[in-house]
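What follows is a set of notes on a single structure, which appears directly below.
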Amino acid sequence: MEIFSISAFLESLPVLLEYLPFTIGILGLSLIFSLSFGLFFAWCKLRKNKFVRGLVAFYVQIIQGTPFIVLLFITYFGIPKVFSYYFGVDITSWNKAFYMVLTLSMFGSARMSEAMRSAYLAIPKGQMEAAHSCGLSTLQGFLHIVMPQALYIALPNLGNLIVSNLLETAVGFSIGVIDLVGNARNYNTRTYNLHVFEVYVALALIYWLMSMILAKLIGEGEKALGRRQGLRAFEKKENRKKVQTSNV
Amino acid sequence: MIEVRNVKKAFGDNEILKGVDITVQKGDVVVILGPSGSGKTTLLRCINFLEKADEGQMTIGDMSIDFKTVKKKEIKAIREKSGFVFQNYCLFNNKTALENVMIGLTIGRKVPKDQARETAMKMLDRVGLSERYDYYPSQLSGGQQQRVGIARAIALNPEVVLFDEPTSALDPELIGEVLEVMKELARDGITMIVVTHEMSFARDVANHVIFMDGGVIAEEGTPEDIFDHPQNERTKQFLKRILREDEEKQHQI
């Protein structure tokens, strides 16, 4: 018996990839919610109102201190129970992907709110003051001046969290979601667990490639934002030269 | 014309402005002097609503407001009538020099882009930086950044430009270029209120000097009044100290 069958590995790849769109879908949905709720939580934590600030800080801390799989079990088993008790509605039959997206969004938004808040705080107060004195409203100042700069600072952290959201999607199989992992397990069962090693290596490769692509996209975004601030490191060589010679 | 009456401002228990009155005629250059903590900067920031004064009235051009009851709309309108130059420039880091000057026009005032661009270029030309219109703040020296800051403030064609220690953050050799631009604006008849420690600027350019101490105006008058015949004991002490420091600096150089 060979230790690693290349042919079994190659054979499993197309079967595994069939569920790639599903995982991407869950990731995409959870990212939309994570980013928007993360922004909202960050905004709450920057309010003067102590109650709002404390409440959100407490919530974020709880979520951050809970392992993802525990959080998933709580939402998956707990929410239907609460619903049937208080509203008499049975939602156990809802698609399991719903619970997956919900939990991922809770998990992601809590962490992202921290990255966004600290990035916002890193922008000097004078930027908004200058925007005000130029006749911009607070919203205009935020959209045109503060956010682009804060995004640049937040992006490396946000990027890591986006990748971690991707990796956490793999936990979905534990409540029976058929995504990349669930599908791989089914495939193993169908093939009498003859090539478990090859199948999981193939699966790892898929996750690894996706992480790489995400990281690359985020890196490009960072470069583009850096260039928009004239940061030297991101400039094209000929531009850099121009600045140096004209400063003399 | 700008008239500020009885402005009061406290941060918690700390009373910074204890009722200040100033009147600035069109074309005036008013310099405010005073030791740190005397409320000069706070006064300027209150006029631009970067700080909300607790009490007082203000008239700029044809608009009068009461600081206590001022509405958001009025704040926006007053800000359009006054430009602000910050001590640490506060240029928008994600905008080029030209965009920095343009943004108040295009977004704040909804001026069409082409027109705003033209105005902004003229302003950059006025501060001698039209060649660097596409540089980001991080690519400009401190003096250049402050000149862009001045261009940004005058682009909105305000009734008055407020300067908050515009040269304090600059290296000594860069102060001159900024003062030069300010002198030119004064010659062009732009109304300015300047908080500064540059005594030579105050003497040569100002037509009215205000000395503030402890949240009130201790003394005011023409530059000759203040520099050559100060009446107030605190003014005398302050001037003596500043002039001595200036001299020491000269010796060091």
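Just so you know, in the stretch B:127-140 the residues that are of a type outside the set (G, A, S) and farther than 20 Å from B:A116 by Cα include one that is farthest from the other protein chains (Cβ to nearest Cβ), and it is B:L140.
Within the stretch A:167-179, at least one residue is away from every other protein chain (no Cβ under 14 Å), open to solvent by less than 10 Å² (accessible area, probe 1.4 Å), over 28 Å from B:Y136 (Cβ atoms) and among the polar types (S, T, N, Q). For the stretch B:125-145, the set of residues classified as under 25 Å from B:K26 (Cβ atoms) and in contact with a helix residue (DSSP H, G or I) (Cβ under 7 Å, 6 or more places away or on another chain) consists of B:R126, B:V127, listed by residue number. Being within 9 Å of another protein chain (Cβ to nearest Cβ) and more than 23 Å from B:D188 (Cβ to Cβ), is that true of even one residue in the stretch B:141-157? Scanning the stretch B:141-157, I find at least one residue that is within 9 Å of another protein chain (Cβ to nearest Cβ) and more than 23 Å from B:D188 (Cβ to Cβ), so the answer is yes.
Has the stretch B:39-48 got at least one residue that is open to solvent by less than 30 Å² (accessible area, probe 1.4 Å) and touching a helix residue (DSSP H, G or I) at 6+ places or on another chain (Cβ under 7 Å)? Checked the stretch B:39-48: at least one residue is open to solvent by less than 30 Å² (accessible area, probe 1.4 Å) and touching a helix residue (DSSP H, G or I) at 6+ places or on another chain (Cβ under 7 Å).
Counting the residues of the stretch A:102-158 that are within 11 Å of chain B (Cβ to nearest Cβ), among the charged types (D, E, K, R) and open to solvent by 40 Å² or more (accessible area, probe 1.4 Å) gives 1. Just one of the numbered conditions (1) modelled with pLDDT of 95 or more; (2) buried (at least 24 other Cβ atoms within 10 Å of the Cβ); (3) closer than 30 Å to A:I153 by Cα; (4) of a type outside the set (D, E, K, R) is not true of B:G83: (1). Could you please let me know if B:E198 is within 30 Å of B:R234 (Cβ to Cβ), open to solvent by 10 Å² or more (accessible area, probe 1.4 Å) and within 14 Å of chain A (Cβ to nearest Cβ)? Taking the combined requirement at face value, the residue does not satisfy it.
With respect to the stated conditions, B:L162 is crowded, with 21+ Cβ neighbours inside 10 Å, touching a Phe, Trp or Tyr at 6+ places or on another chain (Cβ under 6 Å), closer than 30 Å to B:S64 by Cβ and among the hydrophobic types (A, V, I, L, M, F, W, C). Given the criteria more than 23 Å from B:F238 (Cα to Cα) and either over 17 Å from the mean Cα position of the chain (by Cα) or open to solvent by 40 Å² or more (accessible area, probe 1.4 Å) (or both), does B:D171 qualify? Taking the combined requirement at face value, the residue satisfies it. Within the stretch A:211-248, the set of residues being farther than 22 Å from A:Q149 by Cα, modelled with pLDDT under 75 and either in contact with a Phe, Trp or Tyr (Cβ under 6 Å, 6 or more places away or on another chain) or of a type outside the set (V, I, T) (or both) comprises A:K237, A:E238, A:K241, A:K242, A:Q244, A:S246, A:N247.
Residues in the stretch B:86-118 that are aromatic (F, W, Y) and at negative phi were compared, and the one that is surrounded by the fewest Cβ atoms within 10 Å (Cβ to Cβ) is B:F86.
Which of the following residues is among the small types (G, A, S) and under 30 Å from B:G128 (Cα atoms): B:A206, B:A218? Let's see the steps before the verdict.
Working: B:A218 fails: under 30 Å from B:G128 (Cα atoms).
One residue alone meets the criteria, B:A206.
Within the stretch B:203-226, is even one residue open to solvent by 50 Å² or more (accessible area, probe 1.4 Å), at pLDDT below 90 and part of a loop (DSSP other than H, G, I, E, B)? No, the stretch B:203-226 contains no residue that is open to solvent by 50 Å² or more (accessible area, probe 1.4 Å), at pLDDT below 90 and part of a loop (DSSP other than H, G, I, E, B).
Residues in the stretch B:119-151 that are open to solvent by 10 Å² or more (accessible area, probe 1.4 Å), part of a helix (DSSP H, G or I) and under 16 Å from B:N88 (Cα atoms): B:S138, B:Q139, B:G142, B:Q144, B:Q145, B:R147. For the stretch B:51-109, taking the residues that are touching a residue at least 60 places away in the same chain (Cβ under 8 Å) and in a helix (DSSP H, G or I), the one that is farthest from B:T191 (Cα to Cα) is identified as B:E80.
Evaluate the stretch B:83-104: report whether one residue or more is over 26 Å from B:A169 (Cα atoms) and more than 8 Å from every other protein chain (Cβ to nearest Cβ). Explain how you work it out, then say what you get.
First pass over the stretch B:83-104, keeping only residues over 26 Å from B:A169 (Cα atoms): none.
Scanning the stretch B:83-104, I find no residue that is over 26 Å from B:A169 (Cα atoms) and more than 8 Å from every other protein chain (Cβ to nearest Cβ), so the answer is no.
A search for C-beta distances below 9 Å between a residue of the stretch A:41-65 that is farther than 16 Å from A:R111 by Cα and any residue that is surrounded by 12 or more Cβ atoms within 10 Å (Cβ to Cβ), counting only pairs 6+ apart in sequence or on different chains, returns A:R47/A:R53; A:R47/A:V56; A:V52/A:C44; A:V52/A:K45.
Quick grid of which residues meet (1) of a type in the set (G, A, S); (2) closer than 28 Å to B:V178 by Cα:
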{"residue": "B:G39", "(1), (2)": "yes, yes"}
{"residue": "B:N48", "(1), (2)": "no, yes"}
{"residue": "B:K52", "(1), (2)": "no, no"}
{"residue": "B:C90", "(1), (2)": "no, yes"}
{"residue": "B:L98", "(1), (2)": "no, yes"}
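Among all positions in the stretch A:122-139, there is at least one residue which is in a helix (DSSP H, G or I), β-branched (V, I, T) and either more than 23 Å from A:S34 (Cβ to Cβ) or without any contact (Cβ under 8 Å) to a residue 12 or more places away in the chain (or both). Looking at the stretch B:58-79, can you tell me whether even one residue there is in contact with a helix residue (DSSP H, G or I) (Cβ under 8 Å, 6 or more places away or on another chain) and of a type in the set (D, E)? For the stretch B:58-79, residues in contact with a helix residue (DSSP H, G or I) (Cβ under 8 Å, 6 or more places away or on another chain) and of a type in the set (D, E): absent.
A:S105: among the polar types (S, T, N, Q), over 20 Å from A:V171 (Cα atoms) and out of contact with any strand residue (DSSP E or B) (no Cβ under 9 Å at 6 or more places or on another chain), yes or no? No; evaluated as a whole, the condition is false for this residue. On inspection, B:K26 qualifies as away from every other protein chain (no Cβ under 14 Å), in contact with a Ser or Thr (Cβ under 7 Å, 6 or more places away or on another chain), open to solvent by 50 Å² or more (accessible area, probe 1.4 Å) and part of a loop (DSSP other than H, G, I, E, B).
The values are calculated or read from the model by the stated rules, or taken from the named source; none is laboratory data. In this text the structure is predicted, and so the values were computed from the model without any measurement. Positions of Cβ are generated from backbone atoms using ideal geometry, with glycine treated the same way; all protein chains shown enter the neighbour counts. Protein only, heavy atoms only, side chains kept; ligands, DNA and RNA dropped before computing areas. Shrake-Rupley method; radii C 1.70, N 1.55, O 1.52, S 1.80 Å.
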